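The values are calculated or read from the model by the stated rules, or taken from the named source; none is laboratory data. Small disclaimer: the values here were computed from a predicted structure and weren't measured. Counting neighbours? That spans all protein chains shown, and the Cβs are built from the backbone with ideal geometry, glycine included. These accessible areas exclude ligands, DNA and RNA; they are computed on the full protein's heavy atoms, side chains included. Shrake-Rupley method; radii C 1.70, N 1.55, O 1.52, S 1.80 Å.
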Amino acid sequence: MAIDPLDGRLLELLAAEPRIGVLEASRRLGVARGTVQARLDRLQSTGVIRGFGPDVDPAALGYPVTAFATLEIKQGQGPDVRAHLAGVPEVLELHTITGEGDMLCRLVARSNGDLQRVIDRVVGFDGIMRASTAIVMENPVPLRIIPLVRQAAGTAGHPGAEGTVPTGDGE
(Lines give C-alpha, C1' and ligand atoms only; values in the text may rest on other atoms or scores of the structure.)
Protein backbone atom coordinates (compact mmCIF):
# COMPACT_ATOMS: atom_id res chain seq x y z
CA MET A 1 0.00 0.00 0.00
CA ALA A 2 1.28 3.45 -0.86
CA ILE A 3 1.11 6.23 1.68
CA ASP A 4 1.20 9.94 1.01
CA PRO A 5 2.87 12.76 2.97
CA LEU A 6 -0.20 13.29 5.20
CA ASP A 7 -0.24 9.59 6.11
CA GLY A 8 3.46 9.88 6.86
CA ARG A 9 2.97 12.90 9.10
CA LEU A 10 0.12 11.13 10.91
CA LEU A 11 2.27 8.03 11.48
CA GLU A 12 5.15 10.18 12.77
CA LEU A 13 2.80 11.96 15.15
CA LEU A 14 1.41 8.66 16.45
CA ALA A 15 4.93 7.30 16.90
CA ALA A 16 5.98 10.39 18.85
CA GLU A 17 2.75 10.60 20.88
CA PRO A 18 0.90 7.27 20.83
CA ARG A 19 -1.78 8.47 23.24
CA ILE A 20 -2.79 11.51 21.18
CA GLY A 21 -6.48 11.79 20.39
CA VAL A 22 -7.97 12.16 16.94
CA LEU A 23 -9.10 15.73 17.61
CA GLU A 24 -5.65 16.85 18.79
CA ALA A 25 -4.00 15.02 15.88
CA SER A 26 -6.26 16.85 13.43
CA ARG A 27 -5.38 20.17 15.07
CA ARG A 28 -1.63 19.46 14.90
CA LEU A 29 -1.78 18.26 11.31
CA GLY A 30 -4.05 21.09 10.19
CA VAL A 31 -6.75 18.85 8.74
CA ALA A 32 -10.32 17.97 9.64
CA ARG A 33 -11.04 15.44 12.38
CA GLY A 34 -12.90 13.27 9.87
CA THR A 35 -9.82 13.23 7.63
CA VAL A 36 -7.62 11.95 10.46
CA GLN A 37 -10.21 9.33 11.43
CA ALA A 38 -10.58 8.15 7.83
CA ARG A 39 -6.80 7.95 7.45
CA LEU A 40 -6.47 5.99 10.70
CA ASP A 41 -9.23 3.59 9.67
CA ARG A 42 -7.60 3.00 6.27
CA LEU A 43 -4.10 2.58 7.73
CA GLN A 44 -5.49 0.02 10.20
CA SER A 45 -7.63 -1.89 7.69
CA THR A 46 -4.72 -2.20 5.26
CA GLY A 47 -2.36 -3.41 7.99
CA VAL A 48 -0.01 -0.42 7.98
CA ILE A 49 -0.93 0.23 11.62
CA ARG A 50 -0.88 -3.10 13.44
CA GLY A 51 -1.78 -1.88 16.90
CA PHE A 52 -1.64 0.77 19.56
CA GLY A 53 -0.22 -1.28 22.41
CA PRO A 54 2.57 -0.14 24.70
CA ASP A 55 6.17 -0.50 23.53
CA VAL A 56 7.49 -2.77 26.30
CA ASP A 57 11.22 -3.11 27.03
CA PRO A 58 12.15 -6.72 27.90
CA ALA A 59 15.20 -5.49 29.87
CA ALA A 60 12.94 -3.42 32.12
CA LEU A 61 10.91 -6.59 32.75
CA GLY A 62 14.07 -8.37 33.94
CA TYR A 63 15.20 -9.89 30.62
CA PRO A 64 18.32 -7.85 29.71
CA VAL A 65 20.01 -10.54 27.57
CA THR A 66 18.99 -10.74 23.91
CA ALA A 67 20.16 -13.42 21.50
CA PHE A 68 19.38 -14.64 18.02
CA ALA A 69 19.18 -18.36 17.34
CA THR A 70 19.32 -19.87 13.87
CA LEU A 71 17.51 -23.20 13.87
CA GLU A 72 17.74 -26.13 11.51
CA ILE A 73 14.57 -28.17 11.51
CA LYS A 74 13.61 -31.61 10.25
CA GLN A 75 11.79 -31.72 6.92
CA GLY A 76 8.03 -31.48 7.37
CA GLN A 77 8.26 -30.33 11.01
CA GLY A 78 7.71 -26.61 10.39
CA PRO A 79 4.16 -26.35 11.79
CA ASP A 80 5.03 -28.36 14.91
CA VAL A 81 8.21 -26.35 15.53
CA ARG A 82 6.29 -23.09 15.12
CA ALA A 83 3.70 -24.24 17.65
CA HIS A 84 6.44 -25.30 20.09
CA LEU A 85 8.27 -21.97 19.81
CA ALA A 86 5.04 -20.00 20.15
CA GLY A 87 4.72 -21.60 23.59
CA VAL A 88 8.11 -20.33 24.80
CA PRO A 89 7.57 -16.86 26.35
CA GLU A 90 11.21 -15.85 25.83
CA VAL A 91 10.87 -16.28 22.04
CA LEU A 92 9.95 -12.75 20.98
CA GLU A 93 10.03 -13.29 17.22
CA LEU A 94 10.28 -16.16 14.80
CA HIS A 95 11.08 -15.88 11.11
CA THR A 96 11.44 -18.56 8.47
CA ILE A 97 14.58 -17.78 6.47
CA THR A 98 16.69 -18.74 3.48
CA GLY A 99 20.39 -19.45 3.66
CA GLU A 100 21.99 -21.04 6.69
CA GLY A 101 19.26 -22.56 8.80
CA ASP A 102 15.52 -22.64 8.45
CA MET A 103 14.26 -20.33 11.20
CA LEU A 104 15.61 -17.32 13.06
CA CYS A 105 14.35 -16.48 16.56
CA ARG A 106 14.95 -13.50 18.76
CA LEU A 107 15.23 -14.67 22.35
CA VAL A 108 15.53 -12.92 25.70
CA ALA A 109 16.78 -14.19 29.04
CA ARG A 110 17.37 -12.98 32.59
CA SER A 111 21.14 -13.62 32.39
CA ASN A 112 23.70 -15.47 30.28
CA GLY A 113 23.15 -18.49 32.52
CA ASP A 114 19.40 -18.23 32.06
CA LEU A 115 19.96 -18.05 28.30
CA GLN A 116 21.17 -21.65 28.47
CA ARG A 117 17.83 -22.63 30.03
CA VAL A 118 15.96 -20.80 27.26
CA ILE A 119 18.06 -22.41 24.53
CA ASP A 120 17.57 -25.84 26.10
CA ARG A 121 13.82 -25.27 26.07
CA VAL A 122 13.89 -24.06 22.46
CA VAL A 123 15.97 -26.97 21.14
CA GLY A 124 14.39 -29.56 23.42
CA PHE A 125 11.91 -30.42 20.71
CA ASP A 126 12.22 -33.37 18.34
CA GLY A 127 11.70 -31.26 15.21
CA ILE A 128 14.76 -29.05 15.86
CA MET A 129 18.03 -30.63 14.77
CA ARG A 130 20.54 -27.87 15.50
CA ALA A 131 20.76 -24.32 16.80
CA SER A 132 23.42 -21.66 16.44
CA THR A 133 23.10 -18.76 18.87
CA ALA A 134 24.57 -15.25 18.83
CA ILE A 135 24.30 -13.03 21.91
CA VAL A 136 23.58 -9.34 21.32
CA MET A 137 26.29 -7.10 22.76
CA GLU A 138 24.59 -3.76 22.08
CA ASN A 139 21.80 -2.40 19.91
CA PRO A 140 23.11 0.80 18.24
CA VAL A 141 20.15 1.00 15.83
CA PRO A 142 17.03 -0.18 17.66
CA LEU A 143 13.97 -1.19 15.69
CA ARG A 144 12.83 1.92 13.88
CA ILE A 145 10.12 2.54 11.37
CA ILE A 146 9.89 6.32 10.91
CA PRO A 147 12.77 6.59 8.37
CA LEU A 148 10.93 3.96 6.31
CA VAL A 149 7.63 5.84 6.73
CA ARG A 150 9.33 9.01 5.44
CA GLN A 151 10.71 7.17 2.44
CA ALA A 152 7.33 5.54 1.66
CA ALA A 153 5.55 8.88 2.05
CA GLY A 154 8.03 10.56 -0.29
CA THR A 155 9.32 12.95 2.38
CA ALA A 156 12.72 11.32 3.04
CA GLY A 157 15.57 13.68 2.32
CA HIS A 158 13.31 16.64 1.61
CA PRO A 159 14.10 19.89 3.38
CA GLY A 160 12.03 20.02 6.54
CA ALA A 161 11.36 16.27 6.56
CA GLU A 162 12.76 16.13 10.08
CA GLY A 163 10.20 17.48 12.51
CA THR A 164 7.43 17.84 9.94
CA VAL A 165 4.84 17.11 12.59
CA PRO A 166 3.90 20.24 14.52
CA THR A 167 3.88 19.51 18.24
CA GLY A 168 1.68 22.39 19.27
CA ASP A 169 4.31 23.90 21.56
CA GLY A 170 6.10 26.17 19.14
CA GLU A 171 8.20 23.56 17.30
Check your understanding: Checking residue 49 against (1) more than 24 Å from residue 149 (Cα to Cα); (2) outside any helix (DSSP H, G or I); (3) open to solvent by less than 60 Å² (accessible area, probe 1.4 Å), which single condition isn't satisfied?
Key -> (1)
Exercise for review: Taking only region 77-89 into account, find how many residues are open to solvent by less than 70 Å² (accessible area, probe 1.4 Å) and in a loop (DSSP other than H, G, I, E, B).
Suggested key: 3
Practice item. Exactly one condition in (1) more than 30 Å from residue 21 (Cβ to Cβ); (2) more than 17 Å from the chain's Cα centre (by Cα); (3) surrounded by 13 or more Cβ atoms within 10 Å (Cβ to Cβ) is not met by residue 108; state its number. Key: (2)
Review point. List pairs: first in region 30-44 and under 14 Å from residue 4 (Cβ atoms) and in contact (Cβ under 8 Å) with a residue 12 or more places away in the chain, second among the acidic types (Asp, Glu) and part of a helix (DSSP H, G or I), Cβ under 9 Å, 6+ apart or cross-chain?
Key: 39/7; 43/7
Study note, to complete from the structure: Per the filter on region 90-121, residues part of a strand (DSSP E or B), among the hydrophobic types (A, V, I, L, M, F, W, C) and closer than 15 Å to residue 135 by Cα are 91, 92, 104, 105, 107, 108, 109
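Within region 18-29, take every residue that is free of Cβ contacts under 8 Å to residues at least 60 places away in the same chain and surrounded by 14 or more Cβ atoms within 10 Å (Cβ to Cβ) and give me the one that is farthest from residue 54 (Cα to Cα).
26
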Check your understanding: Quick one: would you say residue 100 is of a type in the set (D, E, K, R), surrounded by fewer than 16 Cβ atoms within 10 Å (Cβ to Cβ) and farther than 30 Å from residue 19 by Cβ?
Key -> yes
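Residue 73 - would you say it is farther than 30 Å from residue 39 by Cα, hydrophobic (A, V, I, L, M, F, W, C) and open to solvent by less than 60 Å² (accessible area, probe 1.4 Å)?
For residue 73, the condition - farther than 30 Å from residue 39 by Cα, hydrophobic (A, V, I, L, M, F, W, C) and open to solvent by less than 60 Å² (accessible area, probe 1.4 Å) - is met.
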Review point. Within the group 23, 6, 14, 29, which residue is closer than 28 Å to residue 92 by Cα and not aromatic (Phe, Trp, Tyr)?
Key: 14
